[in-house]
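One structure below.
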Amino acid sequence: MTCGQEQWLHGYFDGELDAVRAAEFESHLEACTACAQALAAQEELRRALGAADLYARAPAALRARVRAELPRSPTAGAPRAARWLLAAAAALVLASLASFALWRALPTGRDDVAEHELARQVLDAHLRSLQPTHLTDVASTDQHTVKPWFDGKLDFAPAVVDLAPDGFPLVGGRLDVVGGRSVAALVYARRKHVINVFVWPSEKAGADLRSGGEHGYTWIQWTRSGMRFWAVSDLAAADLEEFARRLSAS
Amino acid sequence: MADSEEQQRFEALVVPHLDAAHNLARWLVRRDAEAQDLAQEAMLRAYRFFGGFRGGDARAWLLKIVRNTCYTWLANARGAGQEEEFDEAQHVVAEETPESLAIAGAERERLARALEGLPPRSREVLVLRELEGCSYKEIAEITGVPIGTVMSSLSRARDRLQKALGAEVRKAGP
């Protein structure tokens with residue numbers, strides 16, 4: 001490969017190029033088969049690495065040892081319930097920090113204000129869902145189990161697709177509240193990261209993906225076929241974008 | 001770190017990244033027992049130095065300590081002759097599994113072996129990017145290199161991994 005552009009391939013693949021450079025490389029890809037093939041090979045490698053589940057989580061024994069070794073803090077010896085309360089309090093603090101930061105970033109347009117308010121609520125709902133036992137009401141990797149579970153619980157039927165072949169397995173679903181209405185929350189996983197997708201009907205016309213984020217959390221939202229979608233996660237922005245593209249194309 | 005507010009902050013910000021600490025240690029030292037010891041040591045070290053944490057990305061801050069702890073161990077182990085040439089046979093675990101699982105297991109084994117055979121600097125950028133999902137900025141912070149060189153390190157590491165996997169296929173083939 002001596003097209004002079006191959007140096008940008010990995011930055012493009014990882015979503016780390018600035019918009020101008022990324023657009024340049026994208027148009028280069030149409031002309032350069034060597035780069036297009038190299039990119040396909042990288043995608044294949046990433047798919048294989050993701051499918052192999054190589055992530056080495058900390059064993060329970062290590063977790064216990066670390067807890068025992070850390071000097072006693074007010075929480076270390078507290079009963080489990082108290083620790084959960086503390087974790088919930090910490091999440092609330094984080095959530096309110098995040099809300100505050102988003103609020104600070106408020107632009108002036110009326111739609112933008114509404115969007116930021118929604119972003120704040122979606123982020124809050126994501127953080128709430130990470131509390132123990134809050135993530136799913138129906139835990140299943142089977143889309144044919146998750147979809148009917150919503151029947152009768154909502155005034156609409158969300159489409160439920162498993163994206164396991166793309167490296168984003170479905171974990172389950174639950175009911176949640178965003179913008180004062182009941183919404184469907186679909187839960188997906190990527191490695192150890194959780195992705196929440198909030199879905200509700202919308203009268204807005206179809207719109208392209210829009211994204212934002214705060215405090216290490218990223219959200220992407222779009223509207224399609226009369227439905228509004230918000231995906232939120234602590235995944236790298238490029239990974240969440242890949243997820244959103246696959247979900248919106250499915 | 002005496003005051004309990006700091007302790008709570010540590011437990012809220014740093015301890016949740018124990019999985020990330022263990023994962024990086026496991027792939028850097030390639031041994032299960034030592035990875036647990038080193039992840040624990042790094043966590044305690046982080047606890048002691050938490051006063052020096054100026055806020056920002058707690059995971060990157062912890063992983064930087066994990067990395068230093070592991071490299072120190074690797075250097076000492078090499079000096080003491082403990083870190084012998086990586087012995088493949090020692091790390092291949094043959095398990096009896098149903099056929100479908102066995103195929104997935106074989107593929108996992110093939111990738112794990114290829115990754116473990118790479119030089120540590122290549123291994124760590126791949127683990128951070130592909131398993132941990134770190135951005136270039138985070139990788140730069142953890143590994144202490146300018147952000148501009150992360151892309152070329154990753155490019156080199158991925159080339160190496162692809163070559164290693166190619167070699168695996170040839171070895172396994174007819």
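Miscellaneous remarks
- Residue within the range B:12-22 that is touching a helix residue (DSSP H, G or I) at 6+ places or on another chain (Cβ under 6 Å), farther than 25 Å from B:Val125 by Cβ and modelled with pLDDT of 80 or more present: yes
- Here B:Ala164 fulfils each of the conditions (1) within 20 Å of B:Leu63 (Cβ to Cβ); (2) at pLDDT below 95 apart from (1).
- Within the range A:196-250, restricting attention to residues that are in a loop (DSSP other than H, G, I, E, B) and more than 21 Å from B:Glu132 (Cβ to Cβ), the residue that is farthest from the other protein chains (Cβ to nearest Cβ) is A:Glu203.
- Only listed residue being at pLDDT 65 or above, more than 14 Å from every other protein chain (Cβ to nearest Cβ) and surrounded by 12 or more Cβ atoms within 10 Å (Cβ to Cβ), chosen from A:Leu118, A:Leu70, A:Leu85: A:Leu118
- Per-region count, the range A:8-21, residues closer than 20 Å to B:Arg158 by Cα and more than 8 Å from chain B (Cβ to nearest Cβ): 5
- Residue selected from the range B:49-70 under the condition within 13 Å of chain A (Cβ to nearest Cβ) and in a loop (DSSP other than H, G, I, E, B), by the criterion surrounded by the most Cβ atoms within 10 Å (Cβ to Cβ): B:Asp57
- Close pairs (7 angstrom Cβ cut-off, 6 or more residues apart or separate chains): more than 7 Å from every other protein chain (Cβ to nearest Cβ) in the range A:44-63, at pLDDT below 95 anywhere: A:Arg47/A:Gly167; A:Gly50/A:Gly167; A:Ala51/A:Gly167
- Tabulated pairs, the range A:147-166, first of a type in the set (D, E, K, R), second surrounded by 18 or more Cβ atoms within 10 Å (Cβ to Cβ), C-beta under 7 angstrom, 6+ apart or interchain: A:Lys147/A:Val160; A:Asp162/A:Leu170
- Pick from the range A:228-238, criterion touching a strand residue (DSSP E or B) at 6+ places or on another chain (Cβ under 6 Å) and not β-branched (Val, Ile, Thr), ranking: surrounded by the fewest Cβ atoms within 10 Å (Cβ to Cβ): A:Ala237
- B:Leu28 being facing chain A (nearest Cβ under 9 Å), over 27 Å from A:Tyr217 (Cβ atoms) and assigned to a helix (DSSP H, G or I): no
Yes/no per residue for (1) surrounded by 19 or more Cβ atoms within 10 Å (Cβ to Cβ); (2) modelled with pLDDT under 80:
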residue: A:Ala89; (1), (2): no, yes
residue: A:Leu97; (1), (2): no, yes
residue: A:Ala114; (1), (2): no, yes
residue: A:Leu123; (1), (2): yes, no
residue: A:Thr133; (1), (2): no, yes
residue: A:Ala139; (1), (2): no, no
residue: A:Gln143; (1), (2): no, no
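The values are calculated or read from the model by the stated rules, or taken from the named source; none is laboratory data. Because the structure is predicted, anything quoted here is derived from the model rather than measured. Because the Cβ atoms are built from the backbone with ideal geometry, glycine has one as well, and the counts that use them run over all protein chains shown.
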